[in-house]
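The structure appears right after this line, and notes come after that.
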Amino acid sequence: MVSSSTRESNPRSSNTVSTGLLFAGMILVAINLRAAITSVGPLIGMIREGVGISNTMAGMLTTIPLLAFALLSPIIPSIGRKLGLEATLLLSLVVLTLGIGMRSIASPITLLLGTALLGSAIAAGNVLLPSLVKRDFPHRIGLMTGAYSASINLMAAVASGVSIPIAVQLGFGWQGSLGIWSLLSVGAAVLWFQQWRNRPATKAVSVANAPGKQALFRSKTAWCITLFMGMQSFTFYVNISWLPEILQSQGIPAVTAGWMLSIMQFVSIPFSFIIPILAGRNPDQRTLLAVSLVSMFIGYGGLLIGWTSLTWFWVILVGIAGGANFSLSLIFFTLRTRTAQGAAAMSGMAQSIGYLLAAVGPMLIGLLHDMTSGWSLPLMMLMVVTSLSLVVGLGAAKPGYVSDN
């Protein structure tokens with residue numbers, strides 16, 4: 001008979017609990033990485049009227065987080081080295097909570113400052129989650145990347161879908177609808193506080209042995225990963241910004257167009273989970289990547305042709321490909337590096353330059369629309385970006401490591 005004290009000291013049981021808590025912490029961070037951003041779009045009109053801001057300033061509510069990602073991603077690995085991964089994630093969740101709360105105050109200054117704070121906090125999670133997977137789940141990279149990328153996409157879709165019902169049907173207004181997402185960040189912070197207290201000092205992430213910035217900037221593979229990350233982010237943020245407008249221009253009612261955007265995001269979820277698992281089983285991901293990008297090209301082509309009877313099909317193709325591309329960009333950070341430190345450095349480089357491209361996307365597509373008073377040229381631009389994604393993506397998806405070239 002096994003005594004109670006024996007069970008309590010069983011290292012296997014202790015390790016199982018520790019791994020379970022670490023997995024839960026990873027997922028809680030993941031679900032905080034997009035909700036605070038995608039919840040804004042449906043509420044833009046209410047925010048603009050409630051605070052009295054211009055359309056340009058309203059557009060900044062989406063652009064500022066992307067700029068924060070771009071500016072801070074290169075220094076996040078260094079912060080992780082100095083503070084440790086657990087402490088850095090905990091601090092980011094505290095800042096995220098403060099940012100969400102500040103953004104919910106009806107003032108132009110707090111609106112923009114809160115947005116900048118939450119964007120800065122999310123940048124830390126974006127960069128460090130791949131490093132966490134590489135460090136603590138080295139033999140389950142595909143499964144863990146799939147789990148957290150699917151969680152990101154799921155909460156992004158949920159947040160955009162429930163923002164209006166929370167504001168209108170529940171009577172919380174736009175401030176309450178934005179502020180409610182702080183409940184997620186508080187819950188995640190509580191768990192990561194425990195992780196910070198209990199984590200052995202030897203597990204802290206260091207970038208001492210990571211590839212140097214100069215080495216990464218000289219690596220062809222690193223640049224392919226970076227540009228692929230940027231282009232898939234470009235298409236994602238263009239989609240969530242402009243897809244409803246594109247569909248309405250083709251005679252689709254506004255409500256239906258909004259549902260189409262939700263469908264696009266929801267269909268991406270299972271593929272953002274499955275694709276990394278498949279990718280992790282094979283050193284060469286070029287076939288997966290090619291199928292995904294060809295599907296996206298066909299989807300944008302269908303929207304360009306304007307066959308409204310098949311609009312749902314084109315939107316689903318774009319959504320599936322978007323989920324696959326996003327998860328592939330994340331798993332490249334770990335599959336193309338040898339260590340957790342290398343994954344953090346690669347993630348920092350790719351997300352810095354990548355999100356600069358993403359920040360340009362909605363503005364460029366909007367400019368093309370204003371210049372032509374139509375959506376044909378913007379959709380052609382998206383097809384060009386998709387084609388370029390295939391070119392650089394094939395370089396990112398071939399076997400090897402960034403340090404090899």
Could you check GLY41 against (1) closer than 23 Å to TYR148 by Cβ; (2) surrounded by 15 or more Cβ atoms within 10 Å (Cβ to Cβ); (3) at pLDDT 85 or above and say which number it fails? (3)
Those helices (runs of 4 or more DSSP H) lying entirely in region 254-373 with at least 3 residues surrounded by fewer than 23 Cβ atoms within 10 Å (Cβ to Cβ) and touching a Leu at 6+ places or on another chain (Cβ under 9 Å): 254-280, 286-305, 340-372
Matching residues in region 216-253 - criterion: being out of contact with any helix residue (DSSP H, G or I) (no Cβ under 7 Å at 6 or more places or on another chain), modelled with pLDDT under 90 and in a helix (DSSP H, G or I): PHE217, GLU245, SER249
Among the residues of region 378-394, is there at least one that is of a type in the set (A, V, I, L, M, F, W, C), touching a His at 6+ places or on another chain (Cβ under 8 Å) and surrounded by 17 or more Cβ atoms within 10 Å (Cβ to Cβ)? no
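Yes/no per residue for (1) more than 17 Å from PHE273 (Cβ to Cβ); (2) out of contact with any Gly (no Cβ under 6 Å at 6 or more places or on another chain); (3) among the hydroxyl-bearing types (Ser, Thr, Tyr):
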{"residue": "LEU288", "(1), (2), (3)": "no, yes, no"}
{"residue": "GLY299", "(1), (2), (3)": "yes, yes, no"}
{"residue": "THR308", "(1), (2), (3)": "yes, yes, yes"}
{"residue": "VAL318", "(1), (2), (3)": "yes, no, no"}
{"residue": "LEU330", "(1), (2), (3)": "no, yes, no"}
Among GLY125, GLY99, GLY114, the single one that is in a helix (DSSP H, G or I), touching a Leu at 6+ places or on another chain (Cβ under 6 Å), of a type outside the set (Lys, Arg) and modelled with pLDDT of 95 or more is GLY99
Which of the residues belonging to region 38-77 are among the hydroxyl-bearing types (Ser, Thr, Tyr), part of a helix (DSSP H, G or I) and either more than 26 Å from SER92 (Cβ to Cβ) or touching a strand residue (DSSP E or B) at 6+ places or on another chain (Cβ under 7 Å) (or both)? THR56
crowded, with 24+ Cβ neighbours inside 10 Å and out of contact with any Asp or Glu (no Cβ under 6 Å at 6 or more places or on another chain) - does that describe any residue in region 100-109? yes
One residue is enough: does region 318-331 have a residue meeting the conditions of a type in the set (Val, Ile, Thr) and without any contact (Cβ under 8 Å) to a residue 12 or more places away in the chain? no
Hydrophobic (A, V, I, L, M, F, W, C), modelled with pLDDT of 85 or more and part of a helix (DSSP H, G or I) - does that describe any residue in region 170-180? yes
Of all residues in region 295-326, how many are hydroxyl-bearing (Ser, Thr, Tyr) and modelled with pLDDT of 95 or more? 2
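The values are calculated or read from the model by the stated rules, or taken from the named source; none is laboratory data. Everything numeric here is computed off the predicted structure, so don't read it as measured data. In this analysis, Cβ positions are derived from the backbone assuming ideal geometry, glycine residues included, and neighbour counts consider all displayed protein chains.
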